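Novice: First the structure, then my questions, so here it is.
The values are calculated or read from the model by the stated rules, or taken from the named source; none is laboratory data. In this text, all values refer to a predicted model and were calculated from it rather than measured experimentally. Ideal geometry is used to build each Cβ from the backbone, glycine not excepted, and the neighbour counts take in all protein chains shown.
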Amino acid sequence: MIRNILGSLVALAGAASAVLSPFRDWYEGRTGREYQVEDLFGGITATESGVLVSVLLPFLGAAVLVVLGVLLRSRLVVALAGLVVLGFTILWMVRQGQATGSLTVGGDGVGLGVGAVNALAGGVLMVIGAVLMKGRRRRERRPVEPYEAPPADQVDMWPPTQEPGMSTNTSPWPEPEVDPYTGPDPRDPRTRSYPQVPGRWPGPGDPRDPVHPPGRPPEQ
């Protein structure tokens, strides 16, 4: 976390230095915004350039890349922005040296100015910021262990096979006993029959008989 913050601050400082450099003197009192982007590829000319078509344009693009790289915590994007600034600055130095025959370093409007130095320093700071940044944390993926099938004698079979003399009941409770009786319900008074035992069971015509009360003929 600390490395990301420190690297981001260094990279943003480099982006600010690169964006401000075209507004300062680059060579013999001529500011960087007076150099056209086309001059870097076709040769330095004395024609003045507008701000939007000067070397400020690639530097603004590099600054946008730095901001995106900081937000995304991408070291690659920040490093790419620094290489863009360094590349355009070095290309300008090569073209300027071809136009004047040689490059001189001096002061008071003679030779390389502060603006070119700021551009070089901004590109270097961006690269350093990318190196300092730690980037995103990569999630460690645990290797998936291969599944081993259990032995054949430990595989649960369903439905269970019944062997002779064995029960298929898997419940810990014993199986309920099944009454083999399949006749009518003996608790039903309509199907109840009473033995004709005097003084013990009520029969047809007995007041205690719920099915054949007195005065009702017995059902055939």
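Novice: Just wondering, is there one or more residues in the range 35-48 that are surrounded by 12 or more Cβ atoms within 10 Å (Cβ to Cβ), assigned to a helix (DSSP H, G or I), more than 44 Å from the chain's Cα centre (by Cα) and of a type in the set (D, E, K, R)?
Specialist: yes
Novice: Since PRO143 meets every condition but one in (1) at pLDDT 90 or above; (2) assigned to a loop (DSSP other than H, G, I, E, B), which condition does it not meet?
Specialist: Result: PRO143 fails condition (1) only.
Novice: Can you name every residue in the range 40-55 that is under 14 Å from GLN98 (Cβ atoms), at pLDDT 85 or above and not aliphatic (A, V, I, L, M)?
Specialist: Within the range 40-55, just PHE41 meets the criteria.
Novice: Return yes when SER21 is under 46 Å from the mean Cα position of the chain (by Cα), crowded, with 22+ Cβ neighbours inside 10 Å and under 30 Å from LYS134 (Cβ atoms) and no when it is not.
Specialist: Criteria met by SER21.
Novice: I'd like to verify a number: residues in the range 64-74 that are crowded, with 21+ Cβ neighbours inside 10 Å and without any contact (Cβ under 8 Å) to a residue 60 or more places away in the chain, how many?
Specialist: 1
Novice: Kindly provide the set of residues from the range 49-63 that are assigned to a loop (DSSP other than H, G, I, E, B) and either of a type in the set (Val, Ile, Thr) or surrounded by 14 or more Cβ atoms within 10 Å (Cβ to Cβ) (or both), ordered by number.
Specialist: Hits for the range 49-63 are SER49, VAL51, VAL53, VAL55.
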